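These notes are about the structure you will find just below.
Quick note: the coordinates plus some simple rules give every number you see, no bench work behind them. Bear in mind that the values here come from a model prediction, so they are computed numbers and not experimental data. Every residue, glycine as well, gets a Cβ built from its backbone with ideal geometry; the counts of neighbours run over all protein chains shown.
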Amino acid sequence: MSNIGLIISALLIVGGLLWLLIRSLTGREVERRVIFIFIGLAVAVPLLFNITFSEKATPIVKGIFDKIENLPEGSKILVSFDYGPSMAPEVEPMSNAFVRHALAKNHKLYIMGLWATGQSLAASAIENVIKPEFPNKVNGVDYINIGYKAGNQGVLNVIITDFRKLYATDVDGVNLDSVEIFHGIKSLKDMDLLISVGGGFPGIKEWVLFAADPGNIPLAGGSAAVSTPLLYPYYPRQLIGLLGGIKGAAEYESELKKTYPDRFGDMPTPGIKMMGPQTLAHMVVMAFIVIGNLSFFFAKRKRK
Amino acid sequence: MANSRRISQIILAAVIILFAVSWIIKYFALQNEGVDTWFSIRDAFFITFAAFLTLAIMSFLYKDNPYYKFAEHLFVGVSAAYWMCVGFWSTFVGNFIPKVSHTLARFFEVPPKDIEITYFIPLILGIMLLLRLSSKIGWVSRWSLAFIVGTTAGLNLIRYLRTDFISQVSNTFIPLLVDWGGVGPFFSSFSLSASGQFVMSLANWMIFIGVFSGLIYFFFSKEHKGFFGGASKVGIWVLMITFGASFGYTVMGRVSLLVGRLTFLFQDWLGLIS
């Protein structure tokens, strides 16, 4: 099925691109809606035929994987859901992969969000990942969702010294002093690893500025592709690793599957599945750039 | 004019019919999966409505239209209301109430804390901010705004100076020959792996040349001629490659969002993929 899909995709796209090339070289205008149709097809066809490619973790992704892997059992990992539904298709696979990995290694998981929408998406991760895949993990003992607080970087500035100044309860209204997972936890400095998943403001950059650097706490990030280039300068000294866009998520998923084939062999891999349409869409965009330049130089030569 | 109105009415009728048909088909599909009748009606409606909103937003690619406007306005309204509600329950009820009134804390069923008088300061500043809605005493809100701007600027100044300036300068001081043990060991253990000595050294050289030439490009006190001009040209190339990488990442991000919506349409709505 996948091979037939690949052939159909290639025929559709290559045929269409040739038509575009001929049309633009003969000086006829190509409407922008044609470009949209091409991108739509380049994404839809591989999705329908489930075209996927193999992924291998790069050092920047492996850095996070190895960190979670090598932390002693019961280490405290905080994952911050700093995104909304508009970013979810891209970064949700990352947060789900982090949650899976942390719980599979029996670490304690602390979930929060600097975005109001992150609170609901964290609840969705608990419902769709933690409860069905880790039924023996107990809320308040193995994981906790303390939710969102308004204040952007101000929140980090407070919880770097004391969680309870801002967080009196978890999202369900349970007093933090009464939950086992919070015994002995005073501030962010008690965490062994911080992970921020997002791509806007406040996000990974604020975590570097207001938590990781002043508290000297290891920080990892999962970022939407748009913000990724701005975060690379922090790697490797201020960020132990970074998942850049859906490619980063796919690499992390493949590493999880490779390391734990029995446990995660059948887990959903939206990141890997998205890389098929991604690859074809990128090839189409590259072809557009080549066609655009060819027609430009051809028209220039013709004018001379 | 009358013709275009008629076309609009036909399109509206088609949208309503398609919506109803989709709702009914989805209802039966969910029933077949063993979902309870009431939940099937509700879920079928929400999935159909979500599909309608997705298509309404995508219809902007053709041209601006009332369906796009409807979806856009709904999104803005729902987002604003959502942020306000979450802010109220998590911050106002969760943080403020327990520290200013035990009676209110019991009313909202949150654990009361020791009363802190200082919490009335942000309350007053918040009320002052809302006075912006008044045309007569709207100027009062500037005091709160000044407080917000001043605090944020003060906080950011220190943190940016340390993390984005001092630490970033320090990050640029990197060895140009990573783990150098001489020419012999370099060639005997030569590898093109990403974590190998050669690639790591090459990456550090790229950082060094990129930072150096980029800084020269933005140094305007000396004319860009000779070696300086050459380095400045390299700086332009570095900048262009950076913009290209940013564009590539942006394309990847946007395609991911499109994949996300198409996955919803094909999987949850149409049931074409599993």
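What the table shows:
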| quantity | calculated |
| --- | --- |
| For A:Gly241, distant residues with modelled amide H under 5 Å away | A:Gly221 |
| Paired Rg and Dmax values of the range A:59-265, which use every Cα atom, in angstrom | 15.3, 43 |
| Neighbour-count ranking [beta-carbon atoms within 10 angstrom, fewest first] of B:Trp205, B:Trp269 | B:Trp205, B:Trp269 |
| In Hz, Karplus ³J(HN,Hα) per residue of the range A:228-234 (6.51, -1.76, 1.60; θ = phi - 60°; x = Gly, Pro) | 4, x, 6, 9, 4, x, 7 |
| Entries of A:Lys105/A:Lys189; A:Lys76/A:Lys273; A:Lys273/B:Lys26; A:Lys76/A:Lys258; A:Lys137/A:Lys257 with Cα pairs more than 27 Å apart | A:Lys76/A:Lys273 |
| Relative contact order %, chain B, counting alpha carbon pairs below 8 Å whose residues are six or more apart | 9 |
| Computed helical MRE - 222 nm, chain B, DSSP H runs ≥ 4 contributing -39500 (n - 2.57), nearest 500 | -22500 deg cm²/dmol |
| Inter-label distance, nm, simple model (7 Å from Cα along the C-beta direction), B:Asn171/B:Ile127 | 4.6 |
| Overall form of the protein assembly as shown per C-alpha gyration tensor (a/c, 1.5; a/b vs b/c) | rounded |
| Taking chain A and dividing mean pair separation by its residue count, relative contact order in percent (alpha carbons under 8 Å, at least six apart) | 25 |
| B:Trp180/B:Thr242 FRET efficiency (R0 30 Å; Cβ-Cβ; nearest 0.05) | 0.60 |
| Euclidean distance of C-alpha centroids, the range B:163-198 and the range B:57-76, integer Å | 51 |
| Tensor-based shape of the range B:175-269 (alpha-carbon gyration tensor, a/c under 1.5 rounded, otherwise prolate or oblate) | oblate |
| Average other protein chain Cβ within 10 Å of Cβ, residues A:226-233 | 5 |
| Global form of the range A:89-200, assessed from the alpha-carbon gyration tensor, a/c cut-off 1.5 | oblate |
| The range A:147-304: relative contact order in percent, alpha carbon pairs under 8 Å with at least 6 residues between | 14 |
| Structure-based [θ]222 nm, chain A - -39500 (n - 2.57) summed over DSSP H runs of at least 4, per residue, nearest 500 | -15500 deg cm²/dmol |
| Label-point gap, in nm, between B:Leu145 and A:Tyr260 - each point 7 angstrom along Cα→Cβ | 5.1 |
| Restricting the range A:1-56 to trypsin sites (Lys or Arg not before Pro) in coil, as DSSP defines it, with at most 15 other Cβ within 10 Å | A:Arg28, A:Lys56 |
| Distance from the range B:89-132 to the range A:200-278 (C-alpha centre basis), Å | 37 |
| Loop-resident sites, the range A:174-249, for chymotrypsin sites (Phe, Trp or Tyr not before Pro), counting at most 14 other Cβ within 10 Å (DSSP) | none |
| Per-residue HN-Hα couplings for the range B:174-182 [Karplus 6.51, -1.76, 1.60; θ = phi - 60°; Hz; x = Gly/Pro] | 10, x, 7, 10, 6, 6, 5, x, x |
| Bridge type composition, the protein assembly as shown - antiparallel percent by DSSP, nearest 5 | 5 |
| B:Gln31-A:Ser124 FRET efficiency (beta carbon distance; Förster radius 25 Å; 0.05 resolution) | 0.50 |
| Sequence of A:Glu90, B:Glu72 once ranked by neighbouring C-beta atoms within 10 Å, starting from the fewest | B:Glu72, A:Glu90 |
| Local electrostatic count, A:Ile217, Cβ distance below 10 Å [Lys/Arg +1, Asp/Glu -1] | -2 |
| Efficiency of FRET between B:Ser191 and A:Thr58 - r from beta-carbon atoms, R0 25 angstrom, step 0.05 | 0.95 |
| Linear extension gain, B:Ile24 paired with B:Ala203, 0.36 nm per residue minus alpha-carbon span | 58.6 nm |
| Under Karplus coefficients 6.51, -1.76 and 1.60, residue-wise ³J(HN,Hα) of the range B:11-21 in Hz, glycine/proline x | 4, 4, 4, 5, 4, 4, 5, 4, 4, 4, 4 |
| B:Arg254 paired with B:Ile57, simple spin-label distance in nm, labels 7 Å along Cα-to-beta-carbon | 1.5 |
